[in-house]
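The values are calculated or read from the model by the stated rules, or taken from the named source; none is laboratory data. What you are looking at is a predicted structure, and each value in this text was computed from that prediction instead of being measured. As a convention, Cβ positions derive from the backbone with ideal geometry for all residues, glycine included, and neighbour counts pool all protein chains shown. Remember, those area values only see protein heavy atoms, side chains included, never the ligands or the DNA or RNA. Shrake-Rupley method; radii C 1.70, N 1.55, O 1.52, S 1.80 Å.
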Amino acid sequence: MKNTIFYVIAFFCMVSLSSCYTTNSVPYNDYKFSLVDQQGNVKDTGDALTYVDSSIIASFAVGKKDISMVLKNQSPSTIKILWDESLFIKNGNPGKVMHAGVKFTDRNQAQPPSVVPAGTTFDDVIVPTDNVYWREGYYSKYGSSPGGWEKKDLLPSYTSKGDQFGVFMPM
C-alpha cells in the first residue's frame, strides 16, 4: 500500500419528500436520505449512512444543521482528512466546509488535516461554511437581544423530491 493514501468519499444524498409539491413547509423529519456512489447507485439508506471499503468504514448521520461522521481506519497506514480540499456540494455548487474545533470566526481560514492513525476511530461533524453567520443583536429600553454566531439549517424546508447534496472529502 502506498505511503500516502488518497480516498475520495463521494457522499450524495437524495432528499425525498412524501410528495412532489406542498404549500406548507415540510418538517425536517420528512426527509429521507440515501448514500449513493458517483454513478448514482444507492449504497445505503437509513439514519446512519455507511460507506465501507478495504481501508475505511465511514458512517454519516444528517442532522438539522450539520452532518455527523464516524470514520474507522482499517488500513495499516495513517489517513489524513484534507479539510482545505473538502467540499459541500448543493445544487451543483461546491462550497468550503468546517469541522468540530474550528472557531466560527476562522471558518474561512486554512484548516490543518485531521490525522487518523491505523486501527483508530475518528468522530467529527461537517458544516458548510456558507451556513455559518453572525446574527446582529439589538438593544433598546424595551428589550435586548445580543448578537451571536449561528448556523442555518442544512436543508431548507422547500426542498423538492430528488434534490441532492454531497460531501467531497479527500483523504
With the dipole of segment 35-158 worked out from charges on the C-beta (+1 for Lys and Arg, -1 for Asp and Glu) around the Cα centre, which of I89, Y138, F60 lies farthest toward the positive end? Y138
Here is the link list: K80/K151; K65/K141; K64/K96. Which ones come out longer than 29 Å on Cα distance? K65/K141
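Taking the Cβ-Cβ separation of T50 and Y138 as r and a Förster radius of 45 Å, what is the calculated FRET efficiency to the nearest 0.05?
Details: r = 45 Å, r/R0 = 0.99.
Efficiency for this residue pair is about 0.50.
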Nearby aspartates and glutamates by direct alpha-carbon distance to K90 (threshold 14 angstrom, same-chain neighbours under 8 apart not counted): D66, D130, D153, D163
What is the local net charge at R135, summed over the other residues whose Cβ is closer than 13 Å to its Cβ (Lys, Arg +1; Asp, Glu -1)? 0
Taking 20 °C and 1.002 mPa s as the conditions, I'd like the Stokes-Einstein D for segment 42-100 in µm²/s, using the Kirkwood hydrodynamic radius from alpha carbon pairs. 162
Under a point-charge model restricted to the Cβ atoms of Lys and Arg (+1) and Asp and Glu (-1), what is the dipole moment magnitude of segment 59-119 relative to its Cα centre, in debye to the nearest 20? 200
Sorting F165, F122 on solvent-accessible surface, 1.4 Å probe, most exposed first, gives F122, F165
